[in-house]
Amino acid sequence: MNSDVWKATTIAPKVTTAALLRALNATTLSCRGVDHERGKISMRVAYRSVMCLTFAVVLSGLAGCSDGNSGAGGKAPDAGPKAKPESSAKAFDPPLKFGKAVKLAHDEDVKTWGFAPLGPKVFVRTDKGLDAYDTTSGRKLWSSALDRKDRYTGTEGVPNDDRSIPPVFAQQGERTEALFAYTDYAKGSGTGGDRTDVYLRAVDAGSGKVSWTTRLPAPAGMGISDMEPAVVGAENGTAVVTALASTNDSSEDSESAVTYAVDLSTHQVTWKQERFAAAAVDSGTVAGAQVPDRATFGQLGAWHAEEGDLALTGRAIADGTVRWKDEGHSSLEVNRVGGGLFATESRLHDIRTGKAVAGVDGAYITCYYDQQSVVVCGSDETVRGVDTRSRKVLWTISKEDPSRKMPTIQAAWHGAVYANAAPDYVVLDAKTGKDRTTFSGPHLFLVNEYAGMDLDMVAYPATG
């Protein structure tokens, strides 16, 4: 992974339930019902709301480019997207000090689906398209608009959906492309019925020009929801897209999903899998939930099946074949992490095998990858640092230890872990867990060598 990539995963991590609850001090999130008149698709989806009407997550979380085989032994490949600084931003790697708040000049009346940073820029996915901003000045660099005249938007202008669906970066030759997926409604004619289609679009991260757009057809017998689809990740020249859907024979209380793998050179679908909701891409593997006939996607972003028929599944990104499967789940929430790892509600897993990492568990853990060699996982009881190569726990901070305050982890970047140990904000050493320094905080959500960002899309340029 190239150090210029500020990755929001595995979707710097995806915001998990625990992170949401700690960030907002919320005790209850309600399910929202969206009854789609067209297609008769009922999507009872409860999503974690992090930025009220703008940024939240999800399914990632925030997502950036995949780090390939960086979780394996040896040196991580330097093959990630590269961002050429276009501002006066100065890099500090990792930053230990931050300057004054810089508000991005974005339209707060437009629904925001999530953001992903790259170098001194941040790319914001909105209901109208994709925007790029300079994190030093907050100015908008360019805007790539969608033309969705027939989009079904519901009574309040947009579907009632608070997931985070940020763009994902992929390197194509000398060009870095920002990938995102969207839906659009197509009115039928003759014997052809109305339908909602999924599209994958690539935008040049430098110029904002559209590189290409391709339609991803729904499988026979399935209808695509008007909810926005998500680019889960991109690796080895393949992007993985997941869309919420319903089957023609399912009841209104049942939801499903379809996952597509798209070749970034030919723009063709190389494989697609019905009833599979991908959520993490890493080390040649796509992890997600295999969904039974009757399931719902709702409570706090998890899949539910009363009969325990959900299966935590890993598939090969090359052809979609099953690499491993863990059956018998009645609830599943899969979160992207990075470094060859992903997380469920209470465990950290090796994405290549699906096996849980020994010694790392807890109710609603939240994990952060520093983009080098350490994943830090926090719960209400403990914080642990994990080596991504050996899968061994490097250090632990426990709530039961009277000698230290239990920090709330905010972000991680290149050997530094940013946390709140009220009333102080502190930087921990990712490999030892020891305090490096305190800093004058905002409550950061993402950090790279140029800036930190909070949940309200306010940037804090690195100053030291």
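The values are calculated or read from the model by the stated rules, or taken from the named source; none is laboratory data. This is a predicted model, so every value here is computed, not measured. As a convention, Cβ positions derive from the backbone with ideal geometry for all residues, glycine included, and neighbour counts pool all protein chains shown. In case anyone asks, the SASA skips ligands and DNA or RNA and just uses the protein heavy atoms, side chains included. Shrake-Rupley method; radii C 1.70, N 1.55, O 1.52, S 1.80 Å.
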Quote the relative contact order of segment 171-270 in percent (integer), defining contacts as alpha-carbon pairs under 8 Å separated by 6+ residues.
-> 21
P(r) tail for segment 384-452, what percent of Cα pairs lie past 13 Å?
-> 65
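Which links in LYS272/LYS355; LYS128/LYS355; LYS272/LYS392 stretch past 29 Å when you go from one Cα to the other?
Numbers: LYS272/LYS355 25 Å; LYS128/LYS355 40 Å; LYS272/LYS392 35 Å.
With Cα atoms farther than 29 Å apart: LYS128/LYS355; LYS272/LYS392.
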Rg over Rh, two decimals, segment 175-234 (C-alpha only, Kirkwood Rh) = 1.06
Sorting VAL258, VAL231, HIS304 by the position of each Cα along the dipole of segment 220-365 (Lys, Arg +1; Asp, Glu -1; all at Cβ), the one nearest the positive end of that ordering is VAL231
If you take the beta carbon distance between LYS97 and GLN268 as r and set R0 to 51 Å, what does 1/(1 + (r/R0)^6) give as a FRET efficiency, to the nearest 0.05?
-> 0.60
Taking R0 as 41 Å, what's the FRET efficiency between ASP380 and VAL322 from their Cβ-Cβ distance, rounded to 0.05?
-> 0.75
Determine which residues of segment 127-142 fall in the zone a paramagnetic label at SER207 would reach in this model, i.e. backbone nitrogen under 19 Å from the point 7 Å along Cα→Cβ.
-> 130-133, 141-142
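Whole number in Å², please: accessible area per residue of segment 331-464, 1.4 Å probe, ligands, DNA and RNA not counted.
Normalised by residue count, the accessible surface of segment 331-464 is 35 Å².
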Taking the convex hull of Cα positions in segment 260-355, its mean projected area over all directions (nm²) = 6.1
Cα-only radius of gyration and Dmax that characterise segment 108-149, units Å = 10.4, 34
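Let me have the relative contact order for segment 365-464, percent, based on Cα pairs under 8 Å that are six or more residues apart. Show your work: numbers first, answer last.
Numbers: 215 pairs, mean separation 18.0, N = 100.
Once divided by the residue count of segment 365-464, the mean separation gives 18 percent.
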